[in-house]
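Colleague: The structure under discussion is supplied below as structure tokens; questions concerning it will follow.
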């Protein structure tokens, strides 16, 4: 019997790692910049009490603050990427913590700026906004002025800024436990190999045809969370209470209002999502019925919801082939989009494979002065890895185009629009693969199954997560305890709503709410669901060749954070203030289910 283990970082080939030298060519260079920025922070004092003097003084202060932020971004990006390579590496954990501390210190010293800007007489500020010196900062200032009712005195703002590092404790505790300390043991797979179970290959195990292998992987994985459930509940509860502290300290009606305010996002968008999905669960439940029957099961469990319905379709796509496939799938966006993407994916944007201690999952991350890096845990035998690659590539190209077309002050787009760029790419990939295998009914069924499961996970499941977040925050706002029993009861109730009686809900599945990292960034997950809804609508326009659709979409990708997200999506060609895109996405899901059932009948 052979044993497959996770490699150490030092054993990963250099060509499979990202190249961080565009940020810093050495740790020593990072240290040098760190020292310079640390000293430069003292210059904030020269602007305190002066922001209302003139438009020129205000311009100088904003310019200085943005310059500090830009250099801090470089420091932080390098530190967090190096830390995520191997979270057991104490040197880079130290760099990461120091970068966070320096951010916190900068926030403390600059905390007077927003209160001073808001304290400027309205008539004088109106004149400032018309001054040519501040023309490039008008929208930046208007966003600050929107926060007037939620900004405290300079002294209180300084205290709130000082608390930022401490507020990260809950997330850091969960991250260290989840990515470093949890050991899921090994499993014997269907080929008799002893394989180490990890975050990276958990879903791969859930796709195994052997149901007993799936069941054992599911049970073994959740057993570790069961063993640490009280610790994780304390961490999650602490995160929610932190959200409540900041919402109340800034006089927001509740935690959700605080989270949505920055994007000028109406609560109705959140509520429309939940209500529309809840009212249209019938296609999802119909799909679960079909899945159970196709798998020949008397009852469906969670560990039966990832395995492909079509058996004996082996997917194997090495990384280089996956990159080429992404380029082909995105050809409708033109060479100006595809060429730089392929260069980055084949070059040094991507940290490709899993190693021991590496952060689980995947993300795109960079700053104004770096490539848009991608962290992957790519598995050639898992089609989800291909979709993850093109998903993160969507984020990276969004970053690339925003940085090329916007000044630093407006380069950073919001998460709400970010999830459109990523899921748009996934939609084009699905269409490309279905066309590639049009003469292969088994592969057609396999791909339809995969696309259905992707929408299920991104639209329906993330909406369920959004309901959970709202429920636990409302519980905290009502001064009710966030105990293990309370959290798992809420979550189990949602599982029963979203799965109906179509799936047996194993007791440990209620612990799923304890393993979702996004819950430490409150009211984030709903953006996945709204994002895929917008993406499906926009991709349909581009693939249909609607006049101007591609140009509108590419313009949207260049906007960065120069407008509020609903306005940017209107430029792209979709109205997310309406529930209609959600309905369209569910109708698309239902069509895919019908196609799968029809193709499957012919096998």
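Colleague: Looking at segment 108-128, which of its residues are assigned to a helix (DSSP H, G or I), surrounded by 16 or more Cβ atoms within 10 Å (Cβ to Cβ) and either at positive phi or without any contact (Cβ under 8 Å) to a residue 60 or more places away in the chain (or both)? Break it down stepwise before answering.
Modeller: Start the filter on segment 108-128 by keeping residues that are assigned to a helix (DSSP H, G or I), which leaves 108-110, 113-119, 122-128.
Now restrict to residues that are surrounded by 16 or more Cβ atoms within 10 Å (Cβ to Cβ): 108-110, 113-118, 125, 128.
Answer for segment 108-128, where residues must be assigned to a helix (DSSP H, G or I), surrounded by 16 or more Cβ atoms within 10 Å (Cβ to Cβ) and either at positive phi or without any contact (Cβ under 8 Å) to a residue 60 or more places away in the chain (or both): 108, 114, 115, 118, 125.
Colleague: Please state which one of 29, 61 is within 32 Å of the chain's Cα centre (by Cα), surrounded by 13 or more Cβ atoms within 10 Å (Cβ to Cβ) and assigned to a helix (DSSP H, G or I). Break it down into steps so the answer makes sense when it comes.
Modeller: Working: 61 fails: within 32 Å of the chain's Cα centre (by Cα).
It is 29.
Colleague: Look at residue 388 and say whether it is out of contact with any helix residue (DSSP H, G or I) (no Cβ under 7 Å at 6 or more places or on another chain), surrounded by 23 or more Cβ atoms within 10 Å (Cβ to Cβ) and touching a residue at least 12 places away in the same chain (Cβ under 8 Å).
Modeller: Numbers: out of contact with any helix residue (DSSP H, G or I) (no Cβ under 7 Å at 6 or more places or on another chain): yes; surrounded by 23 or more Cβ atoms within 10 Å (Cβ to Cβ): no; touching a residue at least 12 places away in the same chain (Cβ under 8 Å): yes.
It is false that residue 388 is out of contact with any helix residue (DSSP H, G or I) (no Cβ under 7 Å at 6 or more places or on another chain), surrounded by 23 or more Cβ atoms within 10 Å (Cβ to Cβ) and touching a residue at least 12 places away in the same chain (Cβ under 8 Å).
This table checks each residue for (1) under 19 Å from residue 165 (Cα atoms); (2) in contact (Cβ under 8 Å) with a residue 12 or more places away in the chain; (3) in a helix (DSSP H, G or I); (4) under 20 Å from the mean Cα position of the chain (by Cα).
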residue	(1), (2), (3), (4)
220	no, yes, yes, no
226	no, yes, yes, no
233	no, yes, yes, no
241	yes, yes, yes, no
248	yes, no, yes, no
253	no, no, no, no
259	yes, yes, yes, yes
265	no, yes, no, yes
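Colleague: Tell me the residue from 467, 451, 485 that is over 30 Å from residue 365 (Cβ atoms) and more than 17 Å from the chain's Cα centre (by Cα), please. Before the answer, list the steps.
Modeller: Working: 467 fails: over 30 Å from residue 365 (Cβ atoms); 451 fails: over 30 Å from residue 365 (Cβ atoms).
Every option except 485 fails the conditions.
Colleague: Out of 356, 404, report the one residue that is assigned to a helix (DSSP H, G or I), more than 19 Å from the chain's Cα centre (by Cα) and surrounded by fewer than 22 Cβ atoms within 10 Å (Cβ to Cβ).
Modeller: Working: 356 fails: assigned to a helix (DSSP H, G or I).
After ruling out the rest, the residue left standing is 404.
Colleague: Scan (1) closer than 30 Å to residue 230 by Cα; (2) free of Cβ contacts under 8 Å to residues at least 40 places away in the same chain; (3) out of contact with any strand residue (DSSP E or B) (no Cβ under 9 Å at 6 or more places or on another chain); (4) surrounded by 13 or more Cβ atoms within 10 Å (Cβ to Cβ) for the single condition residue 176 breaks and write down its number.
Modeller: Unmet for residue 176, out of (1) closer than 30 Å to residue 230 by Cα; (2) free of Cβ contacts under 8 Å to residues at least 40 places away in the same chain; (3) out of contact with any strand residue (DSSP E or B) (no Cβ under 9 Å at 6 or more places or on another chain); (4) surrounded by 13 or more Cβ atoms within 10 Å (Cβ to Cβ): (2).
Colleague: Which condition from (1) modelled with pLDDT of 95 or more; (2) over 24 Å from residue 90 (Cβ atoms) is the one that residue 383 breaks?
Modeller: Single failed check for residue 383: (1).
Colleague: Follow-up question, since we're still on this one. Under the condition of being surrounded by fewer than 16 Cβ atoms within 10 Å (Cβ to Cβ) and touching a strand residue (DSSP E or B) at 6+ places or on another chain (Cβ under 8 Å), which residue from segment 187-212 is farthest from residue 223 (Cα to Cα)?
Modeller: Taking the candidates together, the pick is 193.
Colleague: Given the conditions (1) surrounded by fewer than 15 Cβ atoms within 10 Å (Cβ to Cβ); (2) under 30 Å from residue 380 (Cβ atoms), and given that residue 67 satisfies all but one, which numbered condition is not satisfied?
Modeller: All conditions pass for residue 67, except number (2).
Colleague: For segment 1-21, give me each residue that is outside any helix (DSSP H, G or I) and surrounded by fewer than 15 Cβ atoms within 10 Å (Cβ to Cβ).
Modeller: Matches in segment 1-21: 1, 2, 3, 4, 5, 7, 8, 13, 21.
Colleague: Quickly run through segment 179-196 and pick out the residues that are under 30 Å from residue 105 (Cβ atoms) and free of Cβ contacts under 8 Å to residues at least 12 places away in the same chain.
Modeller: Correct list: 181 only.
The rows are residues; the columns are (1) part of a helix (DSSP H, G or I); (2) in contact with a helix residue (DSSP H, G or I) (Cβ under 9 Å, 6 or more places away or on another chain); (3) within 29 Å of residue 210 (Cα to Cα); (4) free of Cβ contacts under 8 Å to residues at least 60 places away in the same chain.
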residue: 299; (1), (2), (3), (4): no, yes, yes, no
residue: 317; (1), (2), (3), (4): no, yes, yes, no
residue: 324; (1), (2), (3), (4): yes, yes, no, yes
residue: 337; (1), (2), (3), (4): yes, yes, no, no
residue: 345; (1), (2), (3), (4): yes, yes, no, yes
residue: 367; (1), (2), (3), (4): no, yes, no, no
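Colleague: Related question: Identify, by number, the condition in (1) free of Cβ contacts under 8 Å to residues at least 40 places away in the same chain; (2) more than 21 Å from the chain's Cα centre (by Cα); (3) within 30 Å of residue 445 (Cβ to Cβ) that residue 362 doesn't meet.
Modeller: Looking at each condition in turn, residue 362 falls short on (2).
Colleague: Within segment 541-556, which residues are out of contact with any helix residue (DSSP H, G or I) (no Cβ under 8 Å at 6 or more places or on another chain) and either within 15 Å of residue 398 (Cα to Cα) or in a helix (DSSP H, G or I) (or both)?
Modeller: Residue satisfying the conditions is 551 alone.
Colleague: Separate question: Evaluate the following for residue 72: is it over 32 Å from the mean Cα position of the chain (by Cα), surrounded by 17 or more Cβ atoms within 10 Å (Cβ to Cβ) and in a helix (DSSP H, G or I)?
Modeller: Details: over 32 Å from the mean Cα position of the chain (by Cα): no; surrounded by 17 or more Cβ atoms within 10 Å (Cβ to Cβ): yes; in a helix (DSSP H, G or I): yes.
Judged against the criteria, residue 72 is not a match.
Colleague: Return the residues of segment 541-577 that are farther than 30 Å from residue 141 by Cβ, without any contact (Cβ under 8 Å) to a residue 60 or more places away in the chain and either surrounded by fewer than 19 Cβ atoms within 10 Å (Cβ to Cβ) or within 25 Å of the chain's Cα centre (by Cα) (or both); say none if nothing qualifies.
Modeller: Once the filter is applied, which keeps residues that are farther than 30 Å from residue 141 by Cβ, without any contact (Cβ under 8 Å) to a residue 60 or more places away in the chain and either surrounded by fewer than 19 Cβ atoms within 10 Å (Cβ to Cβ) or within 25 Å of the chain's Cα centre (by Cα) (or both), segment 541-577 yields 541, 544, 545, 546, 547, 548, 551.
Colleague: In segment 230-252, what count of residues is obtained for those that are surrounded by fewer than 18 Cβ atoms within 10 Å (Cβ to Cβ) and within 29 Å of residue 206 (Cβ to Cβ)?
Modeller: Residues that pass the stated criteria total 3.
Colleague: Let me ask something additional. Is it true that some residue in segment 421-432 is surrounded by fewer than 22 Cβ atoms within 10 Å (Cβ to Cβ), more than 21 Å from the chain's Cα centre (by Cα), touching a residue at least 40 places away in the same chain (Cβ under 8 Å) and over 30 Å from residue 264 (Cα atoms)?
Modeller: Yes.
The values are calculated or read from the model by the stated rules, or taken from the named source; none is laboratory data. Everything numeric in this text was worked out from a predicted model, so none of it was measured. Note: ideal-geometry Cβ built from the backbone for every residue, glycine included; neighbour counts use all protein chains shown.
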